[in-house]
Amino acid sequence: MSNQDWLNRSLAAVWHPCTQMKLHETGALPLVPVARGQGPWLYDFEGRRYLDAISSWWVNLFGHANPRLNAAIKAQLDQLEHVILAGFTHAPVVELSERLSALTGGALGHCFYASDGSSAVEIALKMSFHSWRNHDRPEKNRFLCLAGSYHGETLGTLSVSDVALYKEVYAPLLRQAVPVLSPDARQAAAGETAADCARRAAAALEAVLAAQHETIAALIVEPLVQGAGGMIMYDPEYLRLARGLCDRYQVHLIADEIMVGFGRTGTLFAHEQAGIRPDFLCLSKGLTGGYLPLSVVLTTDEVYAAFHDDAITRGFLHSHSYTGNPLACRVALATLDIFVEDAVLERNRRFGERLTARLVPLANHPQARHFRRRGMIWAVDIATDDPDFRLRFYRAALQRELLLRPLGTTVYFMPPYILNDEETALLADGAAAALDAALA
Ligand SMILES: *Cc1c(COP(=O)(O)O)cnc(C)c1O
């Protein structure tokens, strides 16, 4: 079968995500059939290759067809592929829960599982509300989110998101959360630092909390980097101040680390950089190294205790069919092993400096604005009025063997943690050339 055969069959039968399908049919947005993956490379059916510089939508950490992750899944497959997690338990889910909890210093002692990021956010929202209700405070049933936030695509998660492109159409279906000022470091006036932006946003948060805390269950944030909103980066000071305010006003802090967890921002979890712990931690994406759909919400023993009761309805009666899938938990454990065995955070620090140095020409492009980096995420805004910039850049990158999908006019890089020098050079040089081509 050729590329064209798969392409035709896909367009006839598959409704692709986050896509105006007509763009595929007209060819404005090429559809790429993938035959296999190896390391950071994706190969089509005719031998063309693409460097997966966005980690297949922010999930892949250690490359495709990673031998260690493959072996972990194969071994688990012969033991137990799946079992109901209500009333039953199994080794991979117990071991993973113990390890994740230990990685929060034991602060978050219980793990509740689902299959995707949006479901994890839904769980955190429901748990927060329900725990206040169990404390006889049912009026605490609203949420705060950051301007420009993204927490998923389901109705509950769109309610706490603030990206118009994804949510505007569905606004009549939503119970809107209150968006508060983002600590976006790009807001810094001349002479101001990112920490100044953080303090200003925290002051705005305090004003909202002071007036409304009695009806607010939780503040939900994407720690340090607001991803789908345009790779908005901010100072850890905001998280430190927000933690203090949440404590003072009795509001939960939900950290959605679905994108930023597992080393993306330089530390294993992004909130560590603020020296705080959230009340709820949502993880997915890199959790399984990008292999299988799995998500988890970690929470404190205190929240857990609020559900511990003789009344069944004071328990958390939420479930998904594939909750705690053993294959997914096993590959998550193997992913955590790689972090330890390969001292990945250390290695990423050295890699990060190399790629940053390579990106200087792109950062200095006359139409580049606010080049920024946090750990293993790089982003730059492109000053252009061209409404088709995103598509032009995407096509120009593919022609240079690069998978890069700008968010509007923001070009970003989120590579897997395994690029060699040659791949790093190809990424940096190819992106700069693609930018010139897209703007030409
Ligand atoms: C991707 C993402 C989600 C949603 O996860 P899905 O698995 O796509 O449902 C939620 N929050 C953040 C910050 C994300 O980046």
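The values are calculated or read from the model by the stated rules, or taken from the named source; none is laboratory data. Remember, it's a predicted structure, so these values are computed and weren't measured experimentally. Here the Cβ is made from the backbone with ideal geometry for all residues, glycine too, and neighbour counts use every protein chain on show.
Figures for the structure shown
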item: Some residue of the range 216-223 being closer than 28 Å to Tyr166 by Cβ and over 24 Å from the mean Cα position of the chain (by Cα); result: yes
item: Residue in the range 235-242 that is out of contact with any Lys or Arg (no Cβ under 7 Å at 6 or more places or on another chain), without any contact (Cβ under 8 Å) to a residue 12 or more places away in the chain, more than 16 Å from the ligand (Cβ to nearest atom) and not β-branched (Val, Ile, Thr) present; result: no
item: Only one of His308, His318 that is assigned to a loop (DSSP other than H, G, I, E, B), farther than 28 Å from Leu80 by Cβ and more than 21 Å from the chain's Cα centre (by Cα); result: His308
item: Yes/no for Leu96 being among the aliphatic types (A, V, I, L, M), surrounded by fewer than 16 Cβ atoms within 10 Å (Cβ to Cβ) and in the same structural domain as Arg264 (by TED's automatic domain parsing); result: no
item: Check on Val178, assigned by TED's automatic domain parsing to the domain that holds Ala120, among the aliphatic types (A, V, I, L, M), more than 25 Å from Gln20 (Cα to Cα) and more than 16 Å from the ligand (Cβ to nearest atom); result: yes
item: Subset of the range 172-197 [more than 15 Å from Val251 (Cα to Cα), under 21 Å from the mean Cα position of the chain (by Cα) and small (Gly, Ala, Ser)]; result: Ser182, Ala185
item: Where Val121 falls short, out of the listed (1) of a type outside the set (Phe, Trp, Tyr); (2) farther than 13 Å from Leu298 by Cα; (3) touching a helix residue (DSSP H, G or I) at 6+ places or on another chain (Cβ under 6 Å); result: (2)
item: Count of the range 124-154 residues which are more than 12 Å from the ligand (Cβ to nearest atom) and either polar (S, T, N, Q) or not assigned by TED's automatic domain parsing to the domain that holds Tyr238 (or both); result: 4
item: Filter result (surrounded by 15 or more Cβ atoms within 10 Å (Cβ to Cβ), touching a residue at least 24 places away in the same chain (Cβ under 8 Å) and more than 17 Å from Leu391 (Cβ to Cβ)) within the range 1-45; result: Asn3, Trp6, Leu7, Pro33, Gly37, Gly39, Pro40, Leu42, Asp44, Phe45
item: When residues of the range 155-175 are limited to those that are modelled with pLDDT of 95 or more and crowded, with 16+ Cβ neighbours inside 10 Å, the one nearest to the ligand (Cβ to nearest atom); result: Thr157
item: Positions within the range 226-255 being surrounded by fewer than 23 Cβ atoms within 10 Å (Cβ to Cβ) and of a type in the set (A, V, I, L, M), in sequence order; result: Ala228, Met233, Leu241, Leu245
item: Subset of the range 245-286 that is in a loop (DSSP other than H, G, I, E, B) and of a type in the set (Asp, Glu) - its residue that is nearest to the ligand (Cβ to nearest atom); result: Glu257
item: Leading residue by the ranking (nearest to the ligand (Cβ to nearest atom)) among those in the range 37-59 that are hydrophobic (A, V, I, L, M, F, W, C) and more than 22 Å from Phe262 (Cα to Cα); result: Leu42
item: Close pairs from the range 46-58: first aliphatic (A, V, I, L, M), partner modelled with pLDDT of 95 or more and within 12 Å of the ligand (Cβ to nearest atom), Cβ under 8 Å, at least 6 apart; result: Ala53/Met414; Ile54/Met414
